[in-house]
Amino acid sequence: QVQLVESGGGLVQAGGSLRLSCAASERTFRSYPMGWFRQAPGKEREFVSAITSNGGSTYTSDSVKGRFTISRDNAKKTLYLQMNSLEVEDTAVYYCALTIRGWPRARPSEYDYWGQGTQVTVSS
């Protein structure tokens, strides 16, 4: 089993920065492609960014490209999302996810394991 736990959410001022973390609770002897999604009240879950198993390539949605950066530290079994120049519209619950497929995906249905989510609120 794979268990994922997000942390780092909270309240931040518009224009500020925040770093989210997603830690795996088990050693698996291998890594998998992972991604970040977000969901605002009344909205569908939205793809944010994804990263290959070894961190060599990343894929980011146009809505956050240039502001958000995904990365991972496989030795620490941790996925990160660095969020800069935050906007009020970025307010949402952010989820990390893992897919057992061999490449990053952008559809929530293609991910197999999910964290519990962490709330990010951007104030002006």
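In the range 40-66, which residue that is closer than 14 Å to residue 111 by Cβ and of a type in the set (Ser, Thr, Tyr) is surrounded by the most Cβ atoms within 10 Å (Cβ to Cβ)?
Here is the first cut: in the range 40-66, the residues closer than 14 Å to residue 111 by Cβ are 45-51, 53, 59.
Add one more test, that the residue is of a type in the set (Ser, Thr, Tyr), and what stays is 49, 53, 59.
Details: 49: 23, 53: 18, 59: 18.
Selected residue: 49.
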Could you please give the count of residues in the range 74-108 that are open to solvent by 50 Å² or more (accessible area, probe 1.4 Å), under 13 Å from residue 36 (Cα atoms) and among the polar types (S, T, N, Q)?
-> 1
Does residue 71 count as surrounded by fewer than 17 Cβ atoms within 10 Å (Cβ to Cβ) and part of a strand (DSSP E or B)?
-> yes
For the range 74-100, how many residues meet the condition of being of a type in the set (Gly, Ala, Ser) and assigned to a strand (DSSP E or B)?
-> 2
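The values are calculated or read from the model by the stated rules, or taken from the named source; none is laboratory data. This structure is a prediction, so every number in the text was calculated from the model and none was measured. Neighbour counts are summed over all protein chains in view; Cβ atoms, including those assigned to glycine, are modelled from backbone coordinates with ideal geometry. Ligands, DNA and RNA are excluded from the accessible area calculation, which covers all protein heavy atoms including side chains. Shrake-Rupley method; radii C 1.70, N 1.55, O 1.52, S 1.80 Å.
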